[in-house]
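The values are calculated or read from the model by the stated rules, or taken from the named source; none is laboratory data. No experiment lies behind these values; they were computed from the predicted model shown. For neighbour counting, all protein chains shown are included, and Cβ atoms are generated from backbone atoms with ideal geometry for every residue, glycine included. Calculation scope for accessible area: heavy atoms of the full protein, side chains included, ligands and nucleic acids excluded. Shrake-Rupley method; radii C 1.70, N 1.55, O 1.52, S 1.80 Å.
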Amino acid sequence: MKTFEIKQFGIDSITTGERPVPAPGPREALIRIRAVSLNFRDLSVVKGFYNPNQTFPLIPVSDGVGEVVALGENTSRVEVGDRVSPTYAHKWIAGAPDRTTLYSTIGSPTDGLLAEYAVVHEDALVLVPEHLTDEEAATLPCAGVTAWHAVVAEGKVGAGDTVVVQGTGSVSLFALQFAKIHGAKVIVTSGSDEKLTKAKMLGADFGINYNTNPDWEKAVLEYTKGLGADHVIDVCGARTINQSVAAVRIGGRVSVIGILTGMVAEGFNILPIMLKKPTIQGINGGSREMFETMNRAIDANKLQPVIDRVFPFEQSIEAFRYMDKGNRFGKVSIKL
Ligand SMILES: NC(=O)c1ccc[n+]([C@@H]2O[C@H](COP(=O)([O-])OP(=O)(O)OC[C@H]3O[C@@H](n4cnc5c(N)ncnc54)[C@H](OP(=O)(O)O)[C@@H]3O)[C@@H](O)[C@H]2O)c1
(Lines give C-alpha, C1' and ligand atoms only; values in the text may rest on other atoms or scores of the structure.)
Protein backbone atom coordinates (compact mmCIF):
# COMPACT_ATOMS: atom_id res chain seq x y z
CA MET A 1 0.00 0.00 0.00
CA LYS A 2 1.05 3.61 -0.56
CA THR A 3 1.87 5.72 2.48
CA PHE A 4 3.31 9.08 3.37
CA GLU A 5 5.94 8.85 6.10
CA ILE A 6 8.55 10.84 7.94
CA LYS A 7 11.95 9.41 8.83
CA GLN A 8 13.10 12.72 10.32
CA PHE A 9 11.36 15.95 11.26
CA GLY A 10 10.33 18.60 8.72
CA ILE A 11 7.64 19.06 6.06
CA ASP A 12 10.36 18.66 3.42
CA SER A 13 11.17 15.26 4.95
CA ILE A 14 7.73 13.80 4.22
CA THR A 15 8.22 11.08 1.63
CA THR A 16 6.05 8.50 -0.12
CA GLY A 17 6.44 4.94 1.09
CA GLU A 18 5.32 1.39 0.30
CA ARG A 19 4.27 -1.07 2.98
CA PRO A 20 2.42 -4.40 2.84
CA VAL A 21 -1.32 -4.11 3.47
CA PRO A 22 -1.59 -5.04 7.18
CA ALA A 23 -3.69 -8.05 8.21
CA PRO A 24 -6.29 -7.59 10.97
CA GLY A 25 -5.74 -9.68 14.10
CA PRO A 26 -8.38 -10.74 16.64
CA ARG A 27 -10.94 -7.95 17.30
CA GLU A 28 -9.33 -5.74 14.64
CA ALA A 29 -10.64 -4.36 11.35
CA LEU A 30 -8.82 -3.48 8.14
CA ILE A 31 -9.90 -0.02 7.01
CA ARG A 32 -9.50 1.30 3.47
CA ILE A 33 -8.86 4.97 4.17
CA ARG A 34 -11.09 7.30 2.10
CA ALA A 35 -10.13 10.71 3.53
CA VAL A 36 -7.98 12.24 6.24
CA SER A 37 -7.91 15.71 7.70
CA LEU A 38 -5.00 17.73 9.05
CA ASN A 39 -4.75 19.30 12.49
CA PHE A 40 -2.35 21.86 13.93
CA ARG A 41 -1.07 18.86 15.90
CA ASP A 42 -0.16 16.92 12.73
CA LEU A 43 1.90 19.88 11.58
CA SER A 44 3.60 20.07 14.99
CA VAL A 45 4.29 16.32 14.90
CA VAL A 46 5.94 16.58 11.47
CA LYS A 47 7.95 19.63 12.50
CA GLY A 48 9.14 17.93 15.70
CA PHE A 49 7.59 20.34 18.22
CA TYR A 50 4.86 18.00 19.41
CA ASN A 51 6.89 14.95 20.37
CA PRO A 52 10.66 15.47 20.09
CA ASN A 53 11.11 11.82 21.19
CA GLN A 54 9.09 10.49 18.25
CA THR A 55 10.55 7.31 16.74
CA PHE A 56 10.70 6.77 12.95
CA PRO A 57 9.43 5.91 10.45
CA LEU A 58 6.04 7.42 11.28
CA ILE A 59 2.88 7.60 9.19
CA PRO A 60 1.44 10.94 10.36
CA VAL A 61 -2.16 12.23 10.76
CA SER A 62 -4.62 11.23 13.46
CA ASP A 63 -7.96 11.99 11.82
CA GLY A 64 -9.61 10.08 9.02
CA VAL A 65 -12.51 8.05 7.74
CA GLY A 66 -12.61 4.82 5.81
CA GLU A 67 -14.49 1.68 4.93
CA VAL A 68 -14.16 -1.62 6.77
CA VAL A 69 -12.90 -4.12 4.17
CA ALA A 70 -11.87 -7.11 6.32
CA LEU A 71 -12.33 -8.35 9.88
CA GLY A 72 -10.08 -10.32 12.21
CA GLU A 73 -11.44 -13.12 14.40
CA ASN A 74 -14.08 -12.30 17.01
CA THR A 75 -14.78 -8.80 15.69
CA SER A 76 -18.38 -7.83 16.36
CA ARG A 77 -18.62 -4.04 16.80
CA VAL A 78 -18.31 -3.28 13.04
CA GLU A 79 -19.10 -5.04 9.77
CA VAL A 80 -17.49 -5.10 6.33
CA GLY A 81 -18.82 -2.07 4.41
CA ASP A 82 -19.27 0.17 7.48
CA ARG A 83 -17.97 3.72 7.13
CA VAL A 84 -15.97 4.38 10.27
CA SER A 85 -13.52 6.74 11.93
CA PRO A 86 -10.76 5.64 14.28
CA THR A 87 -10.79 7.51 17.58
CA TYR A 88 -7.94 9.92 18.28
CA ALA A 89 -6.97 8.23 21.58
CA HIS A 90 -7.56 4.57 20.72
CA LYS A 91 -7.89 3.21 24.27
CA TRP A 92 -9.99 5.99 25.80
CA ILE A 93 -13.47 4.50 25.65
CA ALA A 94 -15.44 6.36 28.34
CA GLY A 95 -15.12 8.08 31.69
CA ALA A 96 -12.02 9.82 32.96
CA PRO A 97 -8.76 8.95 31.18
CA ASP A 98 -5.64 7.57 32.81
CA ARG A 99 -2.06 7.79 31.56
CA THR A 100 -2.44 4.78 29.25
CA THR A 101 -5.73 5.78 27.66
CA LEU A 102 -4.90 9.50 27.35
CA TYR A 103 -1.66 8.90 25.46
CA SER A 104 -2.93 6.09 23.23
CA THR A 105 -3.04 8.56 20.34
CA ILE A 106 -2.36 7.82 16.69
CA GLY A 107 -0.36 9.93 14.25
CA SER A 108 2.14 10.15 17.17
CA PRO A 109 3.49 8.21 18.95
CA THR A 110 2.03 5.36 16.84
CA ASP A 111 1.34 5.36 13.11
CA GLY A 112 -1.53 7.44 11.81
CA LEU A 113 -3.77 7.33 8.78
CA LEU A 114 -1.95 8.95 5.86
CA ALA A 115 -1.92 5.61 4.03
CA GLU A 116 -4.22 3.55 1.85
CA TYR A 117 -5.06 1.11 4.66
CA ALA A 118 -4.88 0.89 8.44
CA VAL A 119 -5.65 -1.86 10.94
CA VAL A 120 -7.60 -0.60 13.94
CA HIS A 121 -8.92 -2.34 17.06
CA GLU A 122 -12.70 -2.49 16.90
CA ASP A 123 -13.00 -0.68 20.25
CA ALA A 124 -11.40 2.37 18.61
CA LEU A 125 -13.95 2.67 15.79
CA VAL A 126 -17.09 4.77 15.52
CA LEU A 127 -19.69 4.91 12.75
CA VAL A 128 -19.75 8.32 11.06
CA PRO A 129 -22.88 10.43 10.40
CA GLU A 130 -24.37 9.40 7.06
CA HIS A 131 -25.01 12.90 5.71
CA LEU A 132 -21.32 13.83 5.81
CA THR A 133 -18.94 13.42 2.88
CA ASP A 134 -15.75 11.49 3.58
CA GLU A 135 -13.68 14.68 3.71
CA GLU A 136 -16.16 16.23 6.16
CA ALA A 137 -16.36 13.14 8.37
CA ALA A 138 -12.55 12.99 8.46
CA THR A 139 -12.44 16.27 10.41
CA LEU A 140 -14.13 14.96 13.55
CA PRO A 141 -11.84 12.72 15.67
CA CYS A 142 -9.45 15.31 17.16
CA ALA A 143 -10.75 18.85 16.54
CA GLY A 144 -14.45 17.92 16.70
CA VAL A 145 -14.25 15.69 19.76
CA THR A 146 -12.00 18.16 21.61
CA ALA A 147 -14.52 20.97 21.04
CA TRP A 148 -17.40 18.69 22.08
CA HIS A 149 -15.49 17.68 25.22
CA ALA A 150 -14.91 21.34 26.17
CA VAL A 151 -18.27 22.85 25.28
CA VAL A 152 -20.71 20.02 25.96
CA ALA A 153 -19.28 17.03 27.87
CA GLU A 154 -17.44 19.11 30.51
CA GLY A 155 -18.73 22.60 29.73
CA LYS A 156 -22.40 21.58 29.87
CA VAL A 157 -23.32 24.57 27.71
CA GLY A 158 -26.89 25.70 28.29
CA ALA A 159 -29.47 27.74 26.40
CA GLY A 160 -28.71 31.44 26.78
CA ASP A 161 -25.10 30.93 27.88
CA THR A 162 -22.50 33.14 26.28
CA VAL A 163 -19.48 31.29 24.88
CA VAL A 164 -16.34 33.00 23.54
CA VAL A 165 -14.28 31.17 20.93
CA GLN A 166 -10.80 32.42 20.05
CA GLY A 167 -10.08 32.67 16.35
CA THR A 168 -11.67 30.74 13.52
CA GLY A 169 -9.45 27.65 13.58
CA SER A 170 -10.63 24.04 13.56
CA VAL A 171 -11.44 23.63 17.25
CA SER A 172 -13.04 27.06 17.51
CA LEU A 173 -15.40 26.57 14.54
CA PHE A 174 -16.59 23.25 15.98
CA ALA A 175 -17.02 24.92 19.39
CA LEU A 176 -19.09 27.64 17.71
CA GLN A 177 -21.33 25.09 15.99
CA PHE A 178 -21.80 22.95 19.13
CA ALA A 179 -22.57 25.99 21.31
CA LYS A 180 -25.16 27.22 18.79
CA ILE A 181 -27.07 23.91 18.64
CA HIS A 182 -27.37 24.10 22.43
CA GLY A 183 -28.92 27.57 22.26
CA ALA A 184 -25.92 29.59 23.37
CA LYS A 185 -24.81 33.01 22.18
CA VAL A 186 -21.34 32.87 20.63
CA ILE A 187 -18.72 35.60 20.51
CA VAL A 188 -15.91 34.95 18.02
CA THR A 189 -12.56 36.72 17.96
CA SER A 190 -10.53 36.77 14.77
CA GLY A 191 -7.69 38.65 13.16
CA SER A 192 -9.78 39.08 10.03
CA ASP A 193 -13.08 40.94 9.47
CA GLU A 194 -13.77 38.70 6.49
CA LYS A 195 -13.52 35.60 8.70
CA LEU A 196 -15.76 37.25 11.31
CA THR A 197 -18.39 37.71 8.60
CA LYS A 198 -18.07 34.02 7.70
CA ALA A 199 -18.34 33.05 11.39
CA LYS A 200 -21.57 35.07 11.64
CA MET A 201 -22.92 33.11 8.66
CA LEU A 202 -22.29 29.99 10.80
CA GLY A 203 -24.36 31.52 13.60
CA ALA A 204 -21.91 33.64 15.63
CA ASP A 205 -23.74 36.47 17.39
CA PHE A 206 -20.89 38.91 17.82
CA GLY A 207 -17.40 39.28 16.37
CA ILE A 208 -14.30 41.03 17.70
CA ASN A 209 -11.22 41.66 15.57
CA TYR A 210 -8.29 41.02 17.94
CA ASN A 211 -5.93 42.99 15.70
CA THR A 212 -7.93 46.22 15.63
CA ASN A 213 -9.29 45.56 19.12
CA PRO A 214 -6.45 43.87 21.08
CA ASP A 215 -8.29 44.39 24.40
CA TRP A 216 -10.99 42.00 23.19
CA GLU A 217 -11.85 40.95 26.75
CA LYS A 218 -13.22 44.48 27.33
CA ALA A 219 -15.48 44.09 24.29
CA VAL A 220 -16.73 40.77 25.77
CA LEU A 221 -17.50 42.50 29.08
CA GLU A 222 -19.31 45.28 27.24
CA TYR A 223 -21.35 42.79 25.17
CA THR A 224 -22.31 40.88 28.33
CA LYS A 225 -23.26 44.10 30.17
CA GLY A 226 -20.29 43.84 32.50
CA LEU A 227 -21.02 40.27 33.67
CA GLY A 228 -18.53 38.37 31.52
CA ALA A 229 -19.02 35.27 29.38
CA ASP A 230 -20.07 31.91 30.81
CA HIS A 231 -17.31 30.02 29.00
CA VAL A 232 -14.16 31.01 27.11
CA ILE A 233 -12.57 28.50 24.73
CA ASP A 234 -8.86 29.35 24.94
CA VAL A 235 -6.87 27.85 22.07
CA CYS A 236 -4.11 30.46 22.14
CA GLY A 237 -2.50 29.81 25.53
CA ALA A 238 0.29 31.99 26.86
CA ARG A 239 -0.67 35.37 25.43
CA THR A 240 -4.43 35.12 25.95
CA ILE A 241 -4.98 33.29 29.25
CA ASN A 242 -5.14 36.51 31.33
CA GLN A 243 -7.64 37.97 28.86
CA SER A 244 -9.73 34.79 28.94
CA VAL A 245 -9.95 34.94 32.74
CA ALA A 246 -10.79 38.67 32.50
CA ALA A 247 -13.55 37.92 29.97
CA VAL A 248 -15.27 35.17 31.97
CA ARG A 249 -18.02 35.77 34.51
CA ILE A 250 -17.74 35.06 38.26
CA GLY A 251 -18.01 31.27 38.56
CA GLY A 252 -17.64 30.85 34.78
CA ARG A 253 -15.39 28.47 32.89
CA VAL A 254 -12.23 28.69 30.80
CA SER A 255 -11.27 25.70 28.66
CA VAL A 256 -7.52 25.56 28.19
CA ILE A 257 -7.10 23.74 24.90
CA GLY A 258 -4.30 25.18 22.81
CA ILE A 259 -0.92 26.81 22.76
CA LEU A 260 -1.01 28.82 19.53
CA THR A 261 0.76 31.76 21.24
CA GLY A 262 3.00 29.67 23.48
CA MET A 263 2.99 27.39 26.52
CA VAL A 264 4.52 29.49 29.27
CA ALA A 265 2.44 32.44 30.35
CA GLU A 266 4.75 35.03 31.85
CA GLY A 267 2.77 37.55 33.85
CA PHE A 268 -0.02 35.05 34.54
CA ASN A 269 -2.34 36.82 36.98
CA ILE A 270 -3.57 34.58 39.80
CA LEU A 271 -5.68 37.19 41.60
CA PRO A 272 -8.73 37.15 39.27
CA ILE A 273 -8.83 33.35 39.57
CA MET A 274 -9.09 33.70 43.33
CA LEU A 275 -11.64 36.50 43.13
CA LYS A 276 -13.85 35.21 40.29
CA LYS A 277 -13.64 31.48 41.12
CA PRO A 278 -13.79 30.31 37.49
CA THR A 279 -13.34 26.65 36.61
CA ILE A 280 -10.13 26.41 34.57
CA GLN A 281 -10.46 23.12 32.74
CA GLY A 282 -7.68 21.47 30.76
CA ILE A 283 -8.99 19.64 27.72
CA ASN A 284 -7.06 16.93 25.91
CA GLY A 285 -8.94 15.13 23.13
CA GLY A 286 -11.90 13.05 24.23
CA SER A 287 -13.29 9.54 24.65
CA ARG A 288 -15.06 7.27 22.19
CA GLU A 289 -18.24 7.82 24.17
CA MET A 290 -17.94 11.59 23.59
CA PHE A 291 -17.28 10.95 19.89
CA GLU A 292 -20.41 8.80 19.57
CA THR A 293 -22.59 11.31 21.45
CA MET A 294 -21.20 14.14 19.30
CA ASN A 295 -21.97 12.18 16.13
CA ARG A 296 -25.59 11.74 17.23
CA ALA A 297 -25.87 15.51 17.72
CA ILE A 298 -24.20 16.20 14.35
CA ASP A 299 -26.63 13.79 12.73
CA ALA A 300 -29.72 15.17 14.47
CA ASN A 301 -28.80 18.77 13.57
CA LYS A 302 -27.36 17.89 10.15
CA LEU A 303 -24.27 19.92 11.09
CA GLN A 304 -21.67 20.35 8.40
CA PRO A 305 -17.98 20.71 9.37
CA VAL A 306 -16.35 23.66 7.63
CA ILE A 307 -13.89 22.63 4.92
CA ASP A 308 -11.39 25.12 3.53
CA ARG A 309 -9.73 22.94 0.92
CA VAL A 310 -9.45 19.30 -0.18
CA PHE A 311 -6.22 17.93 -1.66
CA PRO A 312 -5.81 14.62 -3.52
CA PHE A 313 -3.73 11.96 -1.71
CA GLU A 314 -0.85 12.43 -4.15
CA GLN A 315 -0.59 16.08 -3.04
CA SER A 316 -0.40 15.32 0.69
CA ILE A 317 2.89 17.19 1.09
CA GLU A 318 1.33 20.29 -0.54
CA ALA A 319 -1.56 19.93 1.93
CA PHE A 320 0.92 20.17 4.84
CA ARG A 321 2.59 23.21 3.23
CA TYR A 322 -0.81 24.84 2.78
CA MET A 323 -1.61 24.18 6.48
CA ASP A 324 1.71 25.71 7.44
CA LYS A 325 0.93 28.96 5.58
CA GLY A 326 -2.11 29.54 7.80
CA ASN A 327 -4.91 31.89 6.73
CA ARG A 328 -7.52 29.18 6.32
CA PHE A 329 -11.17 29.15 7.26
CA GLY A 330 -12.00 25.56 8.12
CA LYS A 331 -10.31 22.24 7.71
CA VAL A 332 -7.81 20.94 5.22
CA SER A 333 -8.72 17.42 4.11
CA ILE A 334 -7.01 14.90 1.86
CA LYS A 335 -9.08 12.54 -0.28
CA LEU A 336 -7.83 9.11 -1.23
N1 LIG B 1 -6.07 19.89 23.77
C2 LIG B 1 -6.47 19.22 22.70
O3 LIG B 1 -6.95 18.09 22.78
C4 LIG B 1 -6.35 19.87 21.38
C5 LIG B 1 -7.03 19.36 20.27
C6 LIG B 1 -6.96 20.06 19.07
C7 LIG B 1 -6.17 21.21 19.00
N8 LIG B 1 -5.50 21.63 20.10
C9 LIG B 1 -4.68 22.83 20.07
O10 LIG B 1 -5.56 23.94 19.93
C11 LIG B 1 -4.90 24.96 19.19
C12 LIG B 1 -5.77 25.29 18.00
O13 LIG B 1 -5.83 24.16 17.14
P14 LIG B 1 -6.62 24.25 15.79
O15 LIG B 1 -6.48 22.93 15.13
O16 LIG B 1 -7.97 24.80 16.01
O17 LIG B 1 -5.69 25.32 15.03
P18 LIG B 1 -5.91 26.04 13.67
O19 LIG B 1 -7.04 25.45 12.92
O20 LIG B 1 -4.58 26.10 13.02
O21 LIG B 1 -6.35 27.51 14.15
C22 LIG B 1 -5.58 28.61 13.95
C23 LIG B 1 -6.44 29.87 14.19
O24 LIG B 1 -6.26 30.34 15.50
C25 LIG B 1 -6.50 31.73 15.51
N26 LIG B 1 -5.49 32.46 16.26
C27 LIG B 1 -4.15 32.43 16.13
N28 LIG B 1 -3.58 33.32 16.99
C29 LIG B 1 -4.60 33.92 17.64
C30 LIG B 1 -4.69 34.92 18.66
N31 LIG B 1 -3.61 35.50 19.15
N32 LIG B 1 -5.92 35.24 19.13
C33 LIG B 1 -7.04 34.65 18.65
N34 LIG B 1 -7.02 33.70 17.69
C35 LIG B 1 -5.82 33.36 17.20
C36 LIG B 1 -6.49 32.22 14.08
O37 LIG B 1 -7.84 32.55 13.76
P38 LIG B 1 -8.14 33.80 12.80
O39 LIG B 1 -7.47 33.44 11.51
O40 LIG B 1 -9.61 33.84 12.71
O41 LIG B 1 -7.55 35.00 13.46
C42 LIG B 1 -6.02 31.00 13.30
O43 LIG B 1 -6.62 30.91 12.03
C44 LIG B 1 -3.51 24.41 18.84
O45 LIG B 1 -2.59 24.87 19.80
C46 LIG B 1 -3.70 22.92 18.94
O47 LIG B 1 -2.50 22.24 19.25
C48 LIG B 1 -5.55 20.99 21.27
(request) With a 1.4 Å probe and every protein chain kept in, tell me what percent of the accessible surface of the chain is carbon plus sulfur. (result) 53
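Let me know the charge dipole size of the range 145-282 about its Cα centre in debye, to the nearest 20, where only the beta-carbon of Lys, Arg (+1) and Asp, Glu (-1) is charged.
Working: 13 positive and 11 negative charges, 52 e Å.
So the magnitude is around 260 debye.
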(request) Find which of VAL165, HIS131, ALA143 sits farthest along the positive direction of the dipole of the range 113-204, computed with +1 on the beta-carbon of Lys and Arg, -1 on that of Asp and Glu, about the Cα centre. (result) VAL165
(request) Could you go through the range 63-68 in sequence order and give the Karplus-derived ³J(HN,Hα) for each residue, using 6.51 cos²θ - 1.76 cosθ + 1.60 with θ = phi - 60°, rounded to whole Hz, and x for Gly and Pro? (result) 10, x, 9, x, 10, 6
(message) Just to be sure I understand the model, the point goes 7 Å from the Cα along the line to the Cβ. What's the resulting THR16 to GLN54 distance in nm?
(response) 2.1
(request) Describe numerically, in nm with one decimal, the distance between label points set 7 Å from Cα along Cα→Cβ at ASN301 and at LYS325. (result) 3.2
(request) Using Cα pairs closer than 8 Å and at least 6 residues apart in sequence, work out the relative contact order for the chain, in percent. (result) 18
(message) Using the crude model of +1 on Lys and Arg Cβ and -1 on Asp and Glu Cβ, and no other charge, please compute the dipole size for the chain relative to its Cα centre, in debye to 20.
(response) 780
(message) Give me the net charge for the shell around GLY251: Cβ to Cβ below 11 angstrom, other residues only, Lys and Arg +1, Asp and Glu -1.
(response) +3
(request) Would you mind getting me the FRET efficiency between THR261 and LYS7? Use the beta-carbon distance for r and R0 = 41 Å, nearest 0.05. (result) 0.85
(message) Just to confirm, what accessible area per residue do you get for the chain at 1.4 Å probe, in whole Å²?
(response) 44
(message) List the residues, sorted by chain then number, that are 5 or more residues from VAL164 or on another chain and whose placed amide H is less than 5 Å from its amide H.
(response) ILE187, HIS231, VAL232, ILE233
(request) Keeping all protein chains in position, work out how much accessible area ASP123 exposes to a 1.4 Å probe, and write it in Å² to the nearest 10. (result) 40
(request) Enumerate the calculated ³J(HN,Hα) couplings along the range 328-334 in order (Karplus 6.51 cos²θ - 1.76 cosθ + 1.60, θ = phi - 60°), each rounded to whole Hz, writing x wherever the residue is Gly or Pro. (result) 9, 9, x, 8, 9, 10, 10
(message) Let me spell out the model: positive unit charges on the Cβ of Lys and Arg, negative unit charges on the Cβ of Asp and Glu, origin at the Cα centre of the range 259-336. What dipole size does that give, in debye rounded to 20?
(response) 220
(message) Beyond a 31 Å Cα-Cα separation, which of these cross-linked pairs lie in this structure: LYS180/LYS225; LYS2/LYS47; LYS156/LYS302; LYS277/LYS331; LYS276/LYS302; LYS47/LYS276?
(response) LYS277/LYS331; LYS276/LYS302; LYS47/LYS276
(request) Obtain the nm distance between the two label points defined at ARG309 and ALA96 by a simple spin-label model: each point lies 7 Å from its Cα along the Cα-to-C-beta direction. (result) 4.3
(request) Using only Cα atoms, find the angle between the long axis of helix 316-325 and the longest principal axis of the chain, and express it within 0 to 90 degrees, rounded to the nearest 10. (result) 10
